[in-house]
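First the structure, in the form of structure tokens, and then the observations on it.
The values are calculated or read from the model by the stated rules, or taken from the named source; none is laboratory data. On a predicted model such as this, the values are computed, not experimentally measured, just so you know. So basically every Cβ, Gly included, is an ideal-geometry build from the backbone, and we count neighbours across all protein chains shown.
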Amino acid sequence: MITFYNPDQRAHDPKFFLSSGAPMACPEQPTRIDALLAGVATLGLQVQTPADQGIGPIAAIHPQRYLTFLQTIHARWQHIPGASSEVIPNIHPANRTDGYPLSAVGQAGFHMTDTSCPISEQTWGAAYASAQTAIAGSEAVLQGARSAYALCRPPGHHAFGELAGGFCYLNNTAIAAQQLVLSGRKVAILDVDLHHGNGTQGIFYDRPDVLTVSIHAHPERYYPFFWGYPDERGSGAGEGANLNLCLPRGSADAAFLAELDRALHAITLWGADTLVLALGLDAFEGDPFAGLAVTTQGFAQIGQQIAALNLPTLIVQEGGYLCPELGQNLSAVLNAFL
């Protein structure tokens, strides 16, 4: 298995996180990288630094005005008297078809869904490096690798085309999938993160060429709240190309694996020839978000069942937060592909 990681991803170190109205330490910390690299090292995998493929593959998913916003908003924010050190939205439009403002405050609200994606001076560089890591993984699969792992941090699956949210700025999974599609692959995305991959769903929702499947805690009482329901099946040409499999809070291995069977059946019926696995490890029973109760052995079974599809597979890191077993859970999944 080819593994990619760019050290520039470590520079993003968000300080602000608002949960249920209370400021808290941000769970998406650079030290997540150390735990994930330890899991990779356990398997004896060599880590490569990805080449820089430029902005083109990113711009295939994210419009220019959003990329310009991410690159420039922190410097603009600093010109606001009394502004916070990180860009944090305090006003939002009723919907994104409303007018597009010129002010930094207005654009922050337009392009950021919540307060869990603060932007510092280092955020763009780290997000760019994370996206390049996913792009390198897609290129490895196109060149014949049966599996590749992209250690992407910050993660990406909550980022829409023009929206940051949920610790995510650029949608690494979608960017990689688009590269595969443009090279003629029939791609399915399987998201096993604790939280629904709402950004990934939104990007492909009206497209018939990518199947998006997400297994997650039911959003009626859990982030991202407004997306991820079973009746969301795609729209227009994309109708039927989106599948959401929702689990009750606290669900453990048996329930997760049962939904995974449904997901893999859908992927097989759809006729995918390449899989992008959005690998969140926060469904773990000991994860700080405590939404589901998958065990380390459960992650091993998840990996085994997905690997049994025998498809070329790009594994893109999404969630999974600091706990003693984080690296073990990653190696449990990756080991199935070796």
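Restricting the stretch 57-115 to residues that are among the basic types (Lys, Arg) and more than 30 Å from residue 137 (Cα to Cα), which is modelled with the lowest pLDDT? Full working, then the answer.
First, pick out the residues of the stretch 57-115 that are among the basic types (Lys, Arg): 65, 76, 96.
Remaining after also requiring more than 30 Å from residue 137 (Cα to Cα): 76, 96.
On the way: 76: 98, 96: 92.
Here the answer is 96.
Looking at the stretch 199-210, can you tell me whether even one residue there is of a type in the set (A, V, I, L, M), closer than 19 Å to residue 161 by Cβ and without any contact (Cβ under 8 Å) to a residue 40 or more places away in the chain?
Step one: list which residues in the stretch 199-210 are of a type in the set (A, V, I, L, M), which gives 203, 210.
Still in the running and closer than 19 Å to residue 161 by Cβ: 203, 210.
Next, only the ones that are without any contact (Cβ under 8 Å) to a residue 40 or more places away in the chain stay: 210.
So far as the stretch 199-210 goes, yes, one or more of its residues are of a type in the set (A, V, I, L, M), closer than 19 Å to residue 161 by Cβ and without any contact (Cβ under 8 Å) to a residue 40 or more places away in the chain.
Could you check, for the stretch 79-92, whether at least one of its residues is within 23 Å of the chain's Cα centre (by Cα), without any contact (Cβ under 8 Å) to a residue 40 or more places away in the chain, closer than 21 Å to residue 13 by Cα and assigned to a loop (DSSP other than H, G, I, E, B)?
yes
State whether the residues of the stretch 229-245 include one that is closer than 25 Å to residue 326 by Cβ and buried (at least 24 other Cβ atoms within 10 Å of the Cβ).
Checking the stretch 229-245: not a single residue is closer than 25 Å to residue 326 by Cβ and buried (at least 24 other Cβ atoms within 10 Å of the Cβ).
Given the stretch 1-54, what strands (runs of 3 or more DSSP E) lie entirely inside it while holding 1 or more residues that are under 18 Å from residue 139 (Cβ atoms) and hydroxyl-bearing (Ser, Thr, Tyr)? So that I can check it myself, show each step before the final result.
Numbers: elements: 2-4, 17-19, 22-24.
Once the strands (runs of 3 or more DSSP E) in the stretch 1-54 are filtered for at least 1 residues that are under 18 Å from residue 139 (Cβ atoms) and hydroxyl-bearing (Ser, Thr, Tyr), what remains is 2-4.
As an exercise: evaluate residue 30 against (1) surrounded by 14 or more Cβ atoms within 10 Å (Cβ to Cβ); (2) without any contact (Cβ under 8 Å) to a residue 60 or more places away in the chain; (3) not polar (S, T, N, Q) and give the number of the one condition it does not meet.
Tallying (1) surrounded by 14 or more Cβ atoms within 10 Å (Cβ to Cβ); (2) without any contact (Cβ under 8 Å) to a residue 60 or more places away in the chain; (3) not polar (S, T, N, Q), residue 30 fails exactly one: (2).
Being farther than 16 Å from residue 266 by Cβ and either small (Gly, Ala, Ser) or modelled with pLDDT under 95 (or both) is the filter here; which residues of the stretch 199-227 pass it?
199, 202, 217
Could you list, in sequence order, all residues of the stretch 246-256 that are on the phi < 0 side of the Ramachandran plot and either surrounded by fewer than 16 Cβ atoms within 10 Å (Cβ to Cβ) or touching a Lys or Arg at 6+ places or on another chain (Cβ under 7 Å) (or both)? Don't jump to the end; show me each part of the working.
Pass one, the stretch 246-256, residues on the phi < 0 side of the Ramachandran plot: 246-249, 251-256.
Correct list: 248, 249, 252, 254.
If you go through the stretch 148-155 one residue at a time, do you hit one that is over 11 Å from the mean Cα position of the chain (by Cα), of a type outside the set (Val, Ile, Thr) and surrounded by fewer than 24 Cβ atoms within 10 Å (Cβ to Cβ)?
no
Any residue in the stretch 201-215 that is over 26 Å from residue 133 (Cα atoms), surrounded by fewer than 21 Cβ atoms within 10 Å (Cβ to Cβ) and under 19 Å from the mean Cα position of the chain (by Cα)?
Checked the stretch 201-215: no residue is over 26 Å from residue 133 (Cα atoms), surrounded by fewer than 21 Cβ atoms within 10 Å (Cβ to Cβ) and under 19 Å from the mean Cα position of the chain (by Cα).
Restricting to the stretch 158-195, what's the tally of residues that are surrounded by 24 or more Cβ atoms within 10 Å (Cβ to Cβ), among the acidic types (Asp, Glu) and not in a strand (DSSP E or B)?
The qualifying residues number 1.
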